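Quick notes on the structure that follows.
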Amino acid sequence: VALKVADQLVVSGVDLAIEYKINEQVGGMVSSKFNVAGIPVIAVDIPMVGATYFGVDNYRAGYMAGTALGEWIMDRWNRHVDQVIVLQHGEAAPLPATRINGQLEGLESVLGKLPQDMITVVNGGSTASTFEQAMDHAFDDFPHNSHVALLSFNDNATMGALRSARKNGIFGNLAIVGQGADRLVRNQIRQPDSPVIGATAFWPERYGKKLIDIATRILRGDSVPPAVYIDHVFLNAGNIDTYYPDEVGQT
């Protein structure tokens, strides 16, 4: 379907295309159609060959979250953690994978090098439901009194893991950092008993304005860097109401 739509856009003579495609292989085929037609492309969050990238600074976003999780574990669990679970998406290409690498390196910058047998990687698909199912199987392998730290690829992963943790009785010994900070995750951050200690904000509500600005600059012939990143902030219980004051009292 994506390839057919790209063909239609090329035939219609669009001046510029803004594309989001989580499957890297298909994304490359889509961008190739535009490149051949001489149509500039902005790739959102998932890079495409020949396109201007806009979106998440994956390593930085991950490192911020990993560091925050490490500091939380030092403070609340006296540095003790039994297992680190990494929730990822297998089709999301190498660059978003650096989001996970950033989280692990941020965590280890505080806790020190973690043994490989302490880290479990779970490929949870793309929805909260598929991540929930994947975590149902993963949690079966851990004693219920284990201290489990969880690094999530995105907010779907975070919410799926939360649902599974509740079912499996591991909710009280779990610490999660998220990526994206959508409304559901922000609500969790505000809950005193929630294992979601925070999430790196991606500000999707700001994407539209920034994308139009980049598109306008490209079409004017202005110089635009190959990658334009959204600004990131790690949201936690201490600062979330500063960044989202309109949500205070709505959780």
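Points to keep in mind about this one:
- Accessible surface of the chain [probe 1.4 Å, protein heavy atoms]: carbon and sulfur percent: 51
- Within a straight-line Cα-Cα reach of under 23 Å, Lys210 can be paired with the following lysines, leaving aside sequence neighbours fewer than 8 residues apart in one chain: Lys21.
- Note on the chain: with a GNM built from Cα contacts shorter than 10 Å, the maximum mean-square fluctuation among Ala175, Ala68, Ala215 falls on Ala215.
- Neighbour cut-off at most 14 other Cβ (10 Å), DSSP loop, trypsin sites (Lys or Arg not before Pro), the stretch 1-101: Arg79
- Proximal aspartates and glutamates to Lys167, defined as alpha-carbon separation beneath 13 angstrom and excluding residues fewer than eight positions away on the same chain: Glu132, Asp136, Asp140
- Helix 58-76 and the long axis of the chain differ in direction by around 10°, with both axes built from C-alpha atoms.
- The mean sequence separation of alpha-carbon pairs under 8 Å and at least six residues apart, normalised by the residue count of the stretch 191-251, gives a relative contact order of 46 percent.
- Accessible area in square angstrom per residue, the chain, 1.4 angstrom probe: 47
- Beta bridges by DSSP in the stretch 117-251, antiparallel share as percent, to the nearest 5: 30
- Once the Cα atoms are used to define both axes, helix 24-36 deviates from the longest principal axis of the chain by about 20 degrees.
- Using a Gaussian network model of the chain in which every pair of alpha carbons under 10 angstrom is joined by a spring, one finds that among Leu69, Leu162, Leu184 the greatest mean-square fluctuation is at Leu184.
- Taking amide H as placed 1.01 Å from N in the peptide plane, the amide H of Val122 sits under 5 Å from that of Val86, Leu87, Gln88, each at least 5 places away or on another chain.
- In the assembled protein chains, Met74 presents an accessible area of approximately 80 Å² (probe radius 1.4 Å).
- Scattering profile of the stretch 162-210 at q = 0.13, 0.17, 0.24, 0.29 Å⁻¹ [log10 I(q)/I(0), Debye over alpha-carbon scatterers]: -0.35, -0.53, -0.86, -1.09
The values are calculated or read from the model by the stated rules, or taken from the named source; none is laboratory data. These numbers come from a predicted model, not from an experiment. Using ideal geometry, Cβ is built from the backbone for each residue, glycine included, and neighbour counts are taken over all protein chains shown. When the accessible area is computed, the model is the full protein with side chains, heavy atoms only, and any ligands, DNA or RNA have been set aside. Shrake-Rupley method; radii C 1.70, N 1.55, O 1.52, S 1.80 Å.
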